[in-house]
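A.B. asks: Shown below is the structure under consideration.
The values are calculated or read from the model by the stated rules, or taken from the named source; none is laboratory data. Fair warning: this is a prediction, and the values are worked out from it, not measured in the lab. Heads up, the Cβs are rebuilt from the backbone with ideal geometry, glycines too, and the neighbour counts pull from every protein chain shown. Note: areas computed on protein heavy atoms with side chains; ligands, DNA, RNA excluded. Shrake-Rupley method; radii C 1.70, N 1.55, O 1.52, S 1.80 Å.
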Amino acid sequence: MQRVDEIGNDEHVRGPGDAALTVIEYADFQCPYSARAHAVLRGLDARFGGIRLVYRHLPLAHLHPLAELASEAAEAAASQDRFWEMHDLLFEQQRQITDEQDLAVLAERLDLDSDRFRADVSERRHRARVQADAERARHDGASGTPTFYINGVRYRGDSDRTSLERAFSEALGR
């Protein structure tokens, strides 16, 4: 198994490759704390001159019944080169997503091939990818969401703006 900070070619990465901060996030699209962290990370990106964010799925289905399906929907969007757009919508519209049809509406908003998207989700074509991320999470010691690794080091604080801003500053030696 890879080290937590080894980033594969097939991973979802946003931000500059030479960023001073690389944040690996294990998250659940239905977790309210993951949604809060999403907003915080977006707000801190410019403050730190660009953050390299690596997103890995950790759907907590025992807490959030749509978590796995939401992750698979993000992967269905990724198969159409729109992972990050779906990622953002899943967090921003989290409270409005109550069933599979709501996921299809998001796909339509992104102008995805709706038939392909619906087939991907209903046939669970991306389930193995999501499960592989969840298995890697267990290997890496992540059991809750969100879980962060900042420049390869496990972060154990809160996901609010003040806490993450402090952690990023410390990681940069500021």
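A.B. asks: Rg and Dmax in Å for the stretch 109-174, alpha carbons only: what are they?
C.D. replies: Answer for the stretch 109-174, Rg first and Dmax second: 17.4, 50 Å.
A.B. asks: Ignoring ligands, DNA and RNA, please state the percent of accessible area on the chain from carbon and sulfur, probe 1.4 Å.
C.D. replies: After summing per-atom areas, the C and S share lands at 44 percent.
A.B. asks: May I ask for the net charge around Phe91, where only other residues with Cβ less than 12 Å from the Cβ of Phe91 are counted and Lys, Arg are +1 while Asp, Glu are -1?
C.D. replies: Net of charged neighbours comes to -2.
A.B. asks: Let me ask something else. So what does Thr98 come to for accessible area, using a 1.4 Å probe and Å² rounded to 10?
C.D. replies: Ignoring ligands and nucleic acids, Thr98 comes out at about 100 Å².
A.B. asks: At a probe size of 1.4 Å, how large is the accessible area of Leu106, to the nearest 10 Å²?
C.D. replies: Counting only protein heavy atoms, Leu106 exposes about 10 Å² to solvent.
A.B. asks: Restricting everything to alpha-carbon atoms, can you work out Rg to Rh for the chain with a Kirkwood hydrodynamic radius?
C.D. replies: 0.95
A.B. asks: Hey, what did the stretch 57-151 get for relative contact order, percent, Cα under 8 Å, at least 6 apart?
C.D. replies: Reported as a whole number, the value is 36 percent.
A.B. asks: Another question, then. Per the Kirkwood treatment, what hydrodynamic radius in Å, one decimal, follows for the stretch 6-49 from the mean inverse distance over all distinct Cα pairs?
C.D. replies: It is 11.9 Å.
A.B. asks: Using θ = phi - 60° and the Karplus form 6.51 cos²θ - 1.76 cosθ + 1.60, what ³J(HN,Hα) does each residue of the stretch 126-137 get, whole Hz, x for Gly and Pro?
C.D. replies: 3J(HN,Hα) across the stretch 126-137, in whole Hz: 10, 4, 4, 4, 5, 5, 5, 4, 5, 5, 5, 4.
A.B. asks: May I ask you to derive the relative contact order of the stretch 1-132, considering only C-alpha pairs under 8 Å and at least 6 residues apart, and to give it as an integer percent?
C.D. replies: 26
A.B. asks: Let me ask something else about it. At q = 0.26, 0.29 Å⁻¹, what base-10 log of I(q)/I(0) does the Debye formula yield for the stretch 62-109 when every alpha carbon is treated as an equal point scatterer in vacuo?
C.D. replies: After summing over all Cα pairs, the log10 values are -0.97, -1.19.
A.B. asks: Largest first and to the nearest Å, give the Cα extent of the stretch 22-120 along each principal axis.
C.D. replies: Result for the stretch 22-120: principal-axis Cα extents of 40, 29, 20 Å.
A.B. asks: Suppose every K and R has +1 on its Cβ and every D and E has -1 on its Cβ; what is the size of the dipole of the stretch 88-147 about the Cα centre, in Debye to the nearest 20?
C.D. replies: It works out to roughly 300 debye.
A.B. asks: A further question on this structure: Comparing His126, His64, His87, which has the greatest mean-square fluctuation in the GNM of the chain with Cα pairs linked when under 10 Å apart?
C.D. replies: His64
A.B. asks: Pull out the extension gain between Glu100 and Ser163, defined as 0.36 nm times the separation in residues minus the alpha carbon to alpha carbon distance; nm, one decimal.
C.D. replies: 19.3 nm
A.B. asks: Quick check for you: with a 1.4 Å probe and neighbouring chains kept, what is the accessible area per residue of the chain, in Å²?
C.D. replies: 48
A.B. asks: Next question, about the same structure. Place +1 on the Cβ of every Lys and Arg and -1 on the Cβ of every Asp and Glu in the stretch 38-174, take the dipole about the Cα centre, and give the residue among Ala171, Thr147, Pro59 whose Cα lies farthest towards its positive end.
C.D. replies: Value: Ala171.
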